[in-house]
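A quick write-up on the structure given underneath.
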Amino acid sequence: MTQPNNGAISDKMLEALTGNNPSFTIRGRLQSFRYAWYGLVLMLRSQHNAWLHAFASICILVAGGLFRLTAGEWCWVILAIVAVWTAEALNTALEFLADAATSEFHPLVKCAKDVAAGGVLISALGSVIIGLLVLGPHLLTFLRQLFF
């Protein structure tokens with residue numbers, strides 16, 4: 001006699017629904033990292049704004065190193081960089097999905113893409129504010145020493 005399912009999904013059902021093997025394997029986790037790395041490379045190769053984010057990230061990291069930021073300051077800077085990259089990645093994924101859904105113009109697809117791009121803008125503006133708050137005092141000190 002079989003036990004009632006009580007709404008639980010078995011491993012076999014989960015694999016059939018998702019195409020993923022639910023068991024944990026090191027090989028499976030390594031493959032997940034390969035997919036994620038491929039996604040990052042794809043984003044950098046296909047999205048011009050990601051190039052700008054990469055350039056800005058490098059500039060900020062170099063400036064932080066030169067200004068010898070404290071651990072707390074680094075936390076804010078890294079959090080801001082990660083927020084922008086995460087927003088850009090989600091925006092890119094949404095754009096790919098929207099383009100796969102229809103090759104023809106659809107006003108709701110345009111709205112979805114615009115809202116996702118707005119999310120990246122919000123994240124970037126917040127990061128600029130964090131950058132000014134963290135790096136601004138260091139930059140002012142540097143400029144005072146240089147010119148006065």
Go through Ser23, Tyr38, Leu139 and say which Cα lies farthest out towards the positive end of the charge dipole of the chain; charges sit on Cβ, +1 for Lys and Arg, -1 for Asp and Glu.
Leu139
Mind checking the alpha-carbon convex hull of the stretch 64-148 and giving the volume per residue in Å³?
107 Å³
Can you give me the long-range amide H partners of Phe67? Hydrogens built in the peptide plane at 1.01 Å from N, cutoff under 5 Å, separation of 5 or more residues or another chain.
none
Using alpha-carbon coordinates, inclination of helix 26-46 to the longest axis of the chain, degrees:
50 degrees
Using only Cα atoms and rounding to the nearest 10 degrees, what angle (0 to 90) does helix 48-66 make with the longest principal axis of the chain?
50 degrees
Would you work out the charge dipole size for the chain about its Cα centre, treating the Cβ of every Lys and Arg as +1 and the Cβ of every Asp and Glu as -1, and quote it to the nearest 20 debye?
400 debye
Which whole-number percent gives the relative contact order of the stretch 48-147, counting Cα pairs below 8 Å spaced six or more residues apart?
39 percent
Using only the Cα atoms of the chain, each taken as one equal point scatterer with no solvent, compute I(q) by the Debye sum, divide by I(0), and report log10 of the ratio at q = 0.21 Å⁻¹.
-1.24
Separation of the stretch 49-83 and the stretch 100-129 by C-alpha centroid, Å?
24 Å
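Bear in mind that the values in this text are calculations on the coordinates, not laboratory data. Small disclaimer: the values here were computed from a predicted structure and weren't measured. Here the Cβ is made from the backbone with ideal geometry for all residues, glycine too, and neighbour counts use every protein chain on show.
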